[in-house]
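Encoded as structure tokens, the structure appears first; notes follow it.
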Amino acid sequence: MGRADPEEGQLPAPVKPPDGGWGWIVLFGCFVITGFSYAFPKAVSVYFKELMKDFHVGYSDTAWISSIMLAMLYGTGPVCSIMVNQFGCRPVMLIGGLLASSGMILASFTTNIIELYLTAGVLTGLGMALNFQPSLIMLGTYFDKRRPLANGLAAAGSPVFLSSLSPLGQVLLEKFGWRGGFLIMGGLLLNCCTCGAVMRPLDMGMKRKMEKAQDKYEAKEMLPIGGKSEEGVSTTDGTKKAKKAKKQPKKGKKLLDFSIFSNRGFIIYTISKFILVLGLFVPPILLVNYAKDTGVPDTEAAFLLSIIGFIDIFARPACGMVAGLKWVRPHVSYLFSFAMLFNGLTDICSARASNYTGLVIFCVFFGISYGMVGALQFEVLMAIVGSQKFSSAIGLVLLIEAFAVLIGPPSAGRLVDALKNYEVIFYLAGSEVVLSALFLAMATYCCLNRGKKKEPPPEKNLSMGGGSDTEEAESDVQEAEEHSSDNHQPAHSTDNAVVVASEEANHVAEEQSGEGGGCPEGDGEVLARDGCNTDQTVQRDSF
């Protein structure tokens with residue numbers, strides 16, 4: 001059973017997620033990264049009017065800055081996966097933090113809109129993408145039993161940062177202008193480097209603990225112990241196999257694992273997520289203009305988004321706690337389907353809202369359902385593919401979502417211009433979200449759950465949230481122990497046992513030691529204490 005390099009962002013199977021400890025620091029870092037990644041492209045919009053005046057461009061030209069940021073966040077998913085698999089999460093996040101910060105700093109010195117596209121759009125967007133994806137991967141390696149709650153708390157960073165970055169940007173714009181605001185925002189993005197620095201690979205800390213425990217065990221073994229005798233252990237064959245395994249070169253690591261497409265659960269999730277993104281972001285984008293067209297004042301119309309953000313802050317952690325319950329977690333995909341269905345029906349039912357009270361009610365229910373979707377989307381994906389393949393899975397999913405993001409909101413805007421009717425757009429967006437919910441629930445039930453009943457239980461769990469990485473790790477450890485016990489066959493000479501290293505002998509002796517006083521049959525391959533026949537024993541001093 002191979003072990004991945006701890007710096008390559010992969011969790012070795014025997015290492016169990018601690019579900020706490022340093023994981024809470026990792027969770028806070030993921031909270032900050034998620035907040036910057038989702039809120040920053042929207043918060044930059046407060047500078048658009050000043051950019052339009054300085055560069056003599058239209059609103060659609062400046063809006064491309066946010067669009068390019070989001071396109072880089074979603075579209076560079078496979079690139080992020082390749083870099084994480086090659087270099088590890090921590091180095092990639094440090095580089096991403098520097099890129100994001102340098103992009104905004106360079107943008108403060110630009111002289112035309114094209115340079116803004118390249119700096120604030122491409123460079124900053126790429127930097128945030130290199131932070132967002134690795135942070136989710138590290139969160140999945142540190143949490144297993146509490147992973148739904150951890151995902152919910154991390155996802156809450158988006159509404160929290162959105163409600164704070166937008167007012168901060170307005171203050172910076174009034175005091176320092178857009179150039180000074182960009183410069184200070186670039187300095188704030190350096191906090192991404194701090195968050196990347198705390199993403200310590202999990203198995204490095206576990207290795208230190210194991211080494212300390214091994215040293216203590218060896219120290220105890222050196223002390224004289226009477227009244228007990230160890231069972232004989234044959235280590236010749238095991239030693240030879242271990243040496244051969246060390247000499248064999250390591251297999252090349254896949255930079256992007258396309259084998260996840262053989263997982264039916266992943267295919268179902270990807271299709272459902274593509275349909276979802278087509279309509280999910282349309283209502284909040286058009287909400288303010290829709291309210292203004294119904295006669296709502298500008299200040300009250302803008303406050304509607306604040307209501308959604310405020311409800312979203314509490315909905316995400318609460319949904320994460322519900323998803324972590326023992327009787328809910330095995331069926332987390334159905335909870336995700338319910339969240340999408342709730343969101344879609346909210347859009348459809350509010351399509352005819354004609355006054356401010358109706359729009360406020362819509363924002364409350366939309367904030368709850370939107371928060372549920374945000375808290376569960378990556379939890380469901382982690383449950384499907386596991387932490388080992390999550391780095392490749394999220395990259396491919398984000399790439400597919402990028403196409404939906406580029407299709408959904410722009411198409412809705414064109415329909416509004418053509419039809420001059422927001423009601424149809426809300427019906428269409430809600431129908432797409434409802435369709436994705438029904439597809440996910442029905443496909444999960446028909447293709448996965450029924451297949452489980454008919455087929456024998458597979459070696460690896462491909463269901464939507466039925467297993468955990470801890471159980472997989474424990475099963476791998478049991479297989480390794482059974483394999484090592486099968487290798488303990490009698491040898492033929494005392495000389496073979498003498499050449500065995502003390503580390504390996506003590507390790508096997510720990511597993512095979514018993515309470516009896518007898519010695520096994522064989523010549524010269526036995527490690528024994530007092531009470532055994534000297535013809536069949538080897539002194540401990542020779543080791």
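The values are calculated or read from the model by the stated rules, or taken from the named source; none is laboratory data. Fair warning: this is a prediction, and the values are worked out from it, not measured in the lab. Cβ sites come from the backbone with ideal geometry, for glycine too, and all protein chains shown count toward neighbours. For accessibility, only protein heavy atoms count, side chains too; no ligands or nucleic acids. Shrake-Rupley method; radii C 1.70, N 1.55, O 1.52, S 1.80 Å.
For the reader, a short list of remarks on this structure follows.
- The residue that is surrounded by the fewest Cβ atoms within 10 Å (Cβ to Cβ), counting only those in region 42-69 that are under 23 Å from Ser101 (Cα atoms) and either among the aromatic types (Phe, Trp, Tyr) or not assigned by the TED database to the domain that holds Leu123 (or both), is Trp64.
- Test: residue in region 251-270 that is among the hydroxyl-bearing types (Ser, Thr, Tyr), open to solvent by less than 50 Å² (accessible area, probe 1.4 Å) and in a loop (DSSP other than H, G, I, E, B): no
- Looking only at residues of region 321-355 that are aromatic (Phe, Trp, Tyr) and out of contact with any Ser or Thr (no Cβ under 8 Å at 6 or more places or on another chain), we find that the one that is nearest to Pro159 (Cα to Cα) is Phe336.
- Residue match in region 298-313 (condition: closer than 30 Å to Ile268 by Cβ and not aliphatic (A, V, I, L, M)): yes
- Within region 102-137, the set of residues being among the aliphatic types (A, V, I, L, M) and open to solvent by less than 10 Å² (accessible area, probe 1.4 Å) comprises Met104, Ala107, Leu116, Ala120, Met128, Ala129, Leu130, Leu136, Ile137.
- From the options Ala353, Ala404, residue that is touching a helix residue (DSSP H, G or I) at 6+ places or on another chain (Cβ under 7 Å), open to solvent by less than 50 Å² (accessible area, probe 1.4 Å) and either part of a helix (DSSP H, G or I) or in the same structural domain as Ser135 (by the TED database) (or both): Ala404
- Single residue of Lys42, Lys53 found to be basic (Lys, Arg) and closer than 28 Å to Ser391 by Cα: Lys42
- Scope region 356-389; condition touching an Asp or Glu at 6+ places or on another chain (Cβ under 7 Å) and either open to solvent by 50 Å² or more (accessible area, probe 1.4 Å) or of a type in the set (S, T, N, Q) (or both); matching residues: Tyr356, Ser387, Lys389
- Number of the exception - Lys145 against (1) touching a helix residue (DSSP H, G or I) at 6+ places or on another chain (Cβ under 8 Å); (2) in a helix (DSSP H, G or I); (3) open to solvent by 40 Å² or more (accessible area, probe 1.4 Å): (2)
- For Pro409: the one exception among (1) within 18 Å of Ile82 (Cβ to Cβ); (2) crowded, with 21+ Cβ neighbours inside 10 Å: (1)
- Sole residue being among the basic types (Lys, Arg), at pLDDT 90 or above and out of contact with any strand residue (DSSP E or B) (no Cβ under 6 Å at 6 or more places or on another chain), chosen from Arg90, Arg146: Arg90
- Residues that are open to solvent by 50 Å² or more (accessible area, probe 1.4 Å) and closer than 15 Å to Ala353 by Cα within region 412-430 comprise Asn421, Glu423, Val424, Tyr427, listed in sequence order.
- Scanning region 148-172 for residues that are of a type in the set (A, V, I, L, M, F, W, C), in a helix (DSSP H, G or I) and surrounded by 18 or more Cβ atoms within 10 Å (Cβ to Cβ) returns Leu149, Ala150, Leu153, Ala154, Ala155, Val160, Phe161, Leu162, Leu165, Leu172.
- Note on region 369-388: residues that are among the hydroxyl-bearing types (Ser, Thr, Tyr) and without any contact (Cβ under 8 Å) to a residue 60 or more places away in the chain amount to 1.
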